[in-house]
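First up is the structure itself, then whatever we jot down about it.
The values are calculated or read from the model by the stated rules, or taken from the named source; none is laboratory data. All of these numbers come straight from a predicted model, not from anything done at the bench. Here the Cβ is made from the backbone with ideal geometry for all residues, glycine too, and neighbour counts use every protein chain on show.
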Amino acid sequence: MDTTVTKSPVLLYTEQTPNPESLKFVTNRILYKGTADFREEALAKEWSPLGAALFAFPYVKGVYITNNFVTISKEFNYDWAEIMLKLKEFIKNYIEEGGAIVNEGFAEAMAALEQKDISDKGYSESDTEIVQTIKNLIDQYVKPAVESDGGNIEFKSYDAGKVYVILQGSCSGCPSSTVTLKSGIEGMLKRMVPQVTEVVAEMG
């Protein structure tokens, strides 16, 4: 009996994002169940063999991996027309060959850093409740919409009515993300959490 399993081919297509400097490379495989944002080569080298391999290209400025896609941010002085096919082919071959995407323990390491960040800030009890509500709202309502554009948003901190968030993937450095942030996210949080006065974004 022939027990050879034929692997389904890796299909890959690109999707534009609201950020002209970022492109979404979508595959028919789940690459990583979580969010992995690499804005520096050093972090990619430590945690993501795929990210590190992509940073080897001179025009790659950022790599964001989640679910079934990779969002790549390029250096300004390159044109997508020159580099898109090379990147597409590279990612397709890499996945077909079974290359490692993100190392085990990455999510835990990032969560530990985030936890340390929160405990370092030492929120009061009432602030801790507000922070939890804000994080839940972002996870439930904002993340899915932002993800479909090839990006991500992470809660960073809360201080005296101001909510600080980090924009990742295609959202980082995107001209339209400020509008989205002010009209959409800030409006929703102010409605749902009366204590919120402003949302401030830091680019990832």
### Summary
Picked from segment 84-110 (must be among the charged types (D, E, K, R) and surrounded by 15 or more Cβ atoms within 10 Å (Cβ to Cβ)), the residue farthest from N67 (Cα to Cα) is K88
### Message
Which pairs turn up if I take residues in segment 43-72 that are on the phi > 0 side of the Ramachandran plot and look for partners that are among the hydroxyl-bearing types (S, T, Y) and surrounded by fewer than 24 Cβ atoms within 10 Å (Cβ to Cβ) with beta carbon separation below 9 Å, at least 6 apart in sequence or on another chain?
### Response
N67/Y32; N67/T35
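Residue by residue, here is whether (1) part of a loop (DSSP other than H, G, I, E, B); (2) closer than 23 Å to P20 by Cα; (3) in the same structural domain as I153 (by TED's automatic domain parsing); (4) not hydroxyl-bearing (S, T, Y) holds:
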| position | (1), (2), (3), (4) |
| --- | --- |
| L50 | no, yes, no, yes |
| S73 | no, yes, no, no |
| I83 | no, yes, no, yes |
| A111 | no, no, yes, yes |
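Restrict the check to segment 75-98 and report whether at least one residue is in contact with a strand residue (DSSP E or B) (Cβ under 7 Å, 6 or more places away or on another chain), at pLDDT below 95 and not polar (S, T, N, Q).
We begin by selecting, within segment 75-98, every residue in contact with a strand residue (DSSP E or B) (Cβ under 7 Å, 6 or more places away or on another chain); these are 75, 80, 83-84, 87-88, 91-92, 95.
Going one step further and asking which of them are at pLDDT below 95, we end up with 75.
Next, from what is left, pick out any that are not polar (S, T, N, Q): 75.
Checked segment 75-98: at least one residue is in contact with a strand residue (DSSP E or B) (Cβ under 7 Å, 6 or more places away or on another chain), at pLDDT below 95 and not polar (S, T, N, Q).
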### Query
Out of segment 169-202, which residues are in contact with a Phe, Trp or Tyr (Cβ under 6 Å, 6 or more places away or on another chain) and modelled with pLDDT under 80?
G169
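Across segment 1-19, what is the total count of residues that are modelled with pLDDT of 90 or more, surrounded by 14 or more Cβ atoms within 10 Å (Cβ to Cβ) and within 21 Å of Y59 (Cα to Cα)? Even if it seems obvious, please write down each step before you answer.
Here is the first cut: in segment 1-19, the ones modelled with pLDDT of 90 or more are 10-16.
Now restrict to residues that are surrounded by 14 or more Cβ atoms within 10 Å (Cβ to Cβ): 10, 12, 14-15.
Retained after the next criterion (residues that are within 21 Å of Y59 (Cα to Cα)): 12, 14-15.
Counting residues in segment 1-19 that are modelled with pLDDT of 90 or more, surrounded by 14 or more Cβ atoms within 10 Å (Cβ to Cβ) and within 21 Å of Y59 (Cα to Cα) gives 3.
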### Message
Just to be sure before I move on: is E46 assigned to a helix (DSSP H, G or I) and out of contact with any His (no Cβ under 8 Å at 6 or more places or on another chain) in the structure I sent?
### Response
yes
### Query
Within segment 61-79, can one find any residue that is within 24 Å of V165 (Cα to Cα), out of contact with any Lys or Arg (no Cβ under 6 Å at 6 or more places or on another chain) and of a type in the set (G, A, S)?
no
